[in-house]
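I'd like to ask you about the structure that follows.
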Amino acid sequence: MKWVAMPVDFPYWRAVYDFFRRWRACGYVRELHERLRRTARERSGRNTEPSAGVIDSQSVDASETVGEDSREYDGGKSRDGRKRHILTDTEGLLLEVTVTTADVHDSKAAPALLETFMDQPGQLLKLVWVDSAYQGPALAEAFARHGVRVEVVRRADGRRGFVVLARRWMVERTLSWLARSRRLNRDHERRLDHHVQMVWWAAVIRLSRRLAGDAPRWPEKRPGRLLRARA
């Protein structure tokens, strides 16, 4: 969707785009998600920062709004567009995301993904689960530099078709959640950093709904309020 095609009940498109641009530059959406993620982890009895994570990627087709200079073809997935690379915790909550052209191999994008996350203060990541695509000296060097151990999760020999793999299914579920977002089912963004922001927005929406769903309900879980209202 073009910015000029904003729904009529929204403010003027230039004002909406200006807020989007400034929030992207200041990292406000990511910060909002980080606060929600810490709250969700605390509610589940975990530390606010994870010590283990999972990395995976997802190729998506690009629409006609994506220029030829920022899209390529992924022969393995038969996708003409871009690729989302994400790092999640063991609950599937998003920790980091980067977007490349679809032809970039997973092992080439993972070092930058890890560096971006570990550059944030207070990170406790010590272990990351990956699939067999994440191998190579550059990747090993990046992980070793931050003291992060890599563990490859492989499917059992002779198994074909879809198989639920330990640890990896969490990040695959997160990728599925992201793909259900209408803005992310295809890549509509002209800029890579705008696509990254749309991923953070989708993660914020889902996580806020999850937290709201865990909140006490009226009147089943707060009968005292019902009594006060009647009085």
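Counting each pair of different Cα atoms once, what's the Kirkwood radius of the chain in Å, rounded to one decimal?
19.5 Å is the Kirkwood radius here.
Can you check what the net charge comes to around residue 47, using other residues whose Cβ is under 13 Å from the Cβ of residue 47 (Lys, Arg +1; Asp, Glu -1)?
Spelling it out: positives minus negatives among the neighbours equals +2.
How would 84, 206, 190, 14 rank on accessible area, largest to smallest, probe 1.4 Å?
190, 14, 206, 84
Also, quick follow-up: Tell me the label-point distance for the pair residue 115, residue 144, using the 7 Å Cα-to-Cβ offset, in nm and rounded to one decimal.
In this crude spin-label approximation the distance works out to 1.7 nm.
Of 200, 3, which has the most accessible area with a 1.4 Å probe, and how do the rest follow in descending order?
Correct descending sequence by accessible area is 3, 200.
Something else: Starting from a Cα-only point model with no solvent, please compute log10 I(q)/I(0) by Debye for region 1-138 at q = 0.10, 0.13, 0.17, 0.22 1/Å.
For region 1-138, the Cα-only Debye profile gives -0.45, -0.74, -1.09, -1.28.
So if we plug the beta-carbon distance of residue 108 and residue 208 into 1/(1 + (r/R0)^6) with R0 = 45 Å, what FRET efficiency do we get, rounded to 0.05?
Details: r = 33 Å, r/R0 = 0.74.
Step by step, r from the Cβ atoms, then E = 0.85.
Mind grabbing the accessible area of residue 129 for me, 1.4 Å probe, Å², rounded to tens?
Counting only protein heavy atoms, residue 129 exposes about 20 Å² to solvent.
For residue 108, what accessible surface area do you get with a 1.4 Å probe? Give it in Å², rounded to 10.
Rounded to the nearest 10, that gives 150 Å².
Report the accessible area of residue 10, computed with a 1.4 Å probe over the heavy atoms of all protein chains in place, in Å² rounded to the nearest 10.
For residue 10, the solvent-accessible surface is approximately 110 Å².
Under unit Cβ charges (Lys, Arg +1; Asp, Glu -1), what dipole magnitude, rounded to 20 debye, does the chain have relative to its Cα centre?
Numbers: 44 positive and 31 negative charges, 289 e Å.
Using Cβ point charges on Lys, Arg, Asp and Glu, the chain gives about 1380 debye.
With label points built 7 Å along Cα→Cβ from the Cα atoms of residue 43 and residue 91, find their separation and express it in nm.
With each label point 7 Å from Cα toward Cβ, the separation is 0.8 nm.
Answer with one residue from 7, 125, 179: the one whose Cα lies farthest towards the positive end of the charge dipole of the chain, charges on Cβ with Lys, Arg +1 and Asp, Glu -1.
Going by the Cα projections, it comes out as 7.
A further question follows. On a full-extension model of 0.36 nm per residue, what is the gain between residue 25 and residue 63, subtracting their alpha-carbon distance, rounded to one decimal in nm?
11.2 nm
Now a separate question. Can you give me the accessible area per residue for the chain, using a 1.4 Å probe, in Å²?
Details: 13430 Å² over 231 residues.
Spelled out: the 1.4 Å probe surface of the chain, per residue, equals 58 Å².
Still on this structure, I have one more. For the chain, which longest stretch is free of loop sites, where a loop site is one of the GluC sites (Glu not before Pro) that DSSP puts outside H, G, I, E and B and that has at most 12 other Cβ atoms within 10 Å?
Details: sites that count: 64, 220.
Between the exposed loop sites, the longest stretch runs 65-219.
The values are calculated or read from the model by the stated rules, or taken from the named source; none is laboratory data. Keep in mind that what you see is a predicted model, and the values were worked out from it rather than measured. Here the Cβ is made from the backbone with ideal geometry for all residues, glycine too, and neighbour counts use every protein chain on show. Surface accessibility is based on the protein's heavy atoms, side chains included, excluding ligands, DNA and RNA. Shrake-Rupley method; radii C 1.70, N 1.55, O 1.52, S 1.80 Å.
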